[in-house]
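Chemist: My questions all concern the structure below.
The values are calculated or read from the model by the stated rules, or taken from the named source; none is laboratory data. Only a predicted model underlies this, so the values are computations on that prediction, with no experimental measurement involved. With ideal geometry, Cβ positions are generated from the backbone for all residues, glycine too; neighbour counts draw on all protein chains shown. Heads up: the accessible areas ignore ligands, DNA and RNA and are worked out on the full protein's heavy atoms, side chains in. Shrake-Rupley method; radii C 1.70, N 1.55, O 1.52, S 1.80 Å.
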Amino acid sequence: MCLAIPYTITQISGDNTAKAVSNGVSVSVRLDLLEKPNLGDTILVHAGFAIQKLEQSEANELFTLWDEVRQSEANGG
């Protein structure tokens with residue numbers, strides 16, 4: 001099983017990498033597997049690679065689910 005985390009692209013570099021942020025955590029991400037990534041795109045990241053761009057409705061749903069998981073963990077699971 002693999003786990004992909006949703007991130008939002010905040011900066012794109014010429015070497016096919018990007019800075020992306022999720023829940024206040026910023027990471028460097030490879031963009032090799034995406035077609036035409038743009039600033040503000042929400043992407044799924046696994047092992048440092050952006051593996052999929054999400055539609056805004058999908059991104060909103062996924063961020064809501066992650067918020068629920070974090071709240072559950074904060075309340076003891």
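Chemist: Just to check your reading of the model, which residue among G14, G40, G76 is small (G, A, S), assigned to a loop (DSSP other than H, G, I, E, B) and within 11 Å of the chain's Cα centre (by Cα)?
Modeler: Just one listed residue meets the conditions, G40.
Chemist: Mind checking which pairs have a first residue in the stretch 47-58 that is without any contact (Cβ under 8 Å) to a residue 60 or more places away in the chain and a second that is among the small types (G, A, S) and open to solvent by less than 80 Å² (accessible area, probe 1.4 Å), Cβ under 7 Å, 6 or more apart or different chains?
Modeler: Close Cβ pairs satisfying both conditions: I51/A4.
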